[in-house]
Amino acid sequence: MEILYYPGCSEEISASNYDKSARKVCEALAIKVTDVTDWNCCGATNYLSVEEFMGFAVAARNFAIAEKMGFNQMMVVCNGCLTALSKVNQYMEKSSENKNKINEALGAAGLKYEGKIKVRHFIDILANDIGVEKIKQKVIRPLKNLKVAAYSGCQLVRPYCDFDSKEFPTVLDGLLNAAGAEVIDFEGKARCCGGMLMTTKEEVAQKLIKDILEEVTRKGADCIATACPLCQINLEGYQSKINSKYGTNYNMEIVPFTQLLGLALGVGAQELAFNKNLTNTKKVLSGTSG
């Protein structure tokens with residue numbers, strides 16, 4: 001199987017552990033990864049909130065390149081990229097005028113987008129193209145000593161998701177169960193982590209993060225598995241501030257779900273870039289048997 005991969009900006013720098021571990025999971029599952037050539041930012045946190053049409057045009061450039069490369073699907077690992085890129089298709093489907101405006105802008109770079117690229121999250125591809133049973137068969141070191149809270153986040157399942165429940169997602173749970181982990185059920189798995197509010201309304205974002213940490217700690221989780229680089233940095237990077245503000249003592253291990261899958265599939269911790277994690281991952285690494 002071959003997939004076209006749109007890495008996104010975060011995976012280049014702050015979430016390089018997510019990118020590296022996703023690629024290693026693909027390698028372990030015999031998935032050939034081809035990157036979108038000369039890709040650019042999806043505009044999730046900038047253009048769309050400032051100048052909507054510019055945001056759509058910038059994001060559509062990635063699609064135009066993908067079509068030129070001969071693909072009809074594009075994989076992302078970032079929930080923000082999933083939403084921003086999906087919006088482009090919706091915008092173009094609304095009217096021929098929107099589509100013509102986008103292509104007029106793309107034409108300045110000698111590009112054109114027909115609107116035929118489907119954006120898919122890696123979780124969707126793993127669950128529905130590879131399948132839980134095949135992943136189970138490939139597991140070498142089951143995570144049988146690990147209690148995991150599978151945190152999908154809000155933008156994985158809303159508003160465009162067609163492969164999981166928008167309120168009570170379970171697909172990520174299934175993938176981690178296949179890896180041998182004990183996945184705990186918790187109500188906050190599709191709640192917002194605060195996202196970019198951390199840069200504008202920090203107190204609001206901190207409270208949202210605290211609610212997630214409080215629930216999974218109470219449920220006895222050893223770690224939280226994330227599906228988005230922004231969720232990852234919010235849950236990882238602000239525990240000390242939250243502890244200081246609320247008098248708590250959270251020390252939850254936060255890992256991209258791909259690191260857990262990678263461990264189960266027999267990939268080494270170094271190859272999965274555990275050295276790039278901000279939180280201690282002692283429980284995660286000691287919870288791998290074999």
>> Can you give the local net charge around LEU260? Use residues other than it whose beta-carbon is closer than 13 angstrom to its beta-carbon, Lys and Arg +1, Asp and Glu -1.
In response: +1
> Using the Cβ atoms and a cut-off under 11 Å, what net charge is assigned to the surroundings of GLU202, where Lys and Arg are +1 and Asp and Glu are -1?
Replying inline: +3
> Fewest first, what order do ARG218, ARG23 take by the number of other Cβ atoms within 10 Å?
Replying inline: ARG218, ARG23
> Given 0.36 nm per residue, what is the gain on full extension from THR199 to LYS282 after removing their alpha carbon distance, in nm?
Replying inline: 26.9 nm
> Tell me, Kirkwood radius of the range 220-290 from alpha-carbon pair distances, in Å?
Replying inline: 12.8
>> Viscosity 1.567 mPa s, temperature 4 °C: give me the Stokes-Einstein translational D for the range 132-286 in µm²/s, with Rh taken as the Kirkwood radius over C-alpha pairs.
In response: 82
> Under a no-solvent Debye model with one identical scatterer per Cα of the range 68-133, what's log10 I(q)/I(0) at q = 0.16, 0.19, 0.20 Å⁻¹?
Replying inline: -0.63, -0.82, -0.88
>> With the alpha-carbon atoms as the only input, what is the per residue convex hull volume for the range 139-214 in Å³?
In response: 103
> If the chain were replaced by its equivalent ellipsoid, with semi-axes equal to the square roots of 5 times the Cα gyration tensor eigenvalues, what would those be, largest first, whole Å?
Replying inline: 32, 23, 15
> Mind checking the log10 I(q)/I(0) for the range 2-121 at q = 0.14, 0.16 Å⁻¹? Debye, one equal scatterer per Cα, no solvent, two decimals.
Replying inline: -0.56, -0.72
> In a shell of Cβ-Cβ distance under 14 Å around ARG141, excluding ARG141 itself, what net charge do Lys and Arg (+1) and Asp and Glu (-1) give?
Replying inline: +3
>> Defining a contact as two alpha carbons under 8 Å apart and six or more residues distant in sequence, what relative contact order in percent does the chain show?
In response: 22
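The numbers here are math on the coordinates, done by the rules we state, and not lab data. What you see is a predicted model; the values in this text were computed from it and never measured. So basically every Cβ, Gly included, is an ideal-geometry build from the backbone, and we count neighbours across all protein chains shown.
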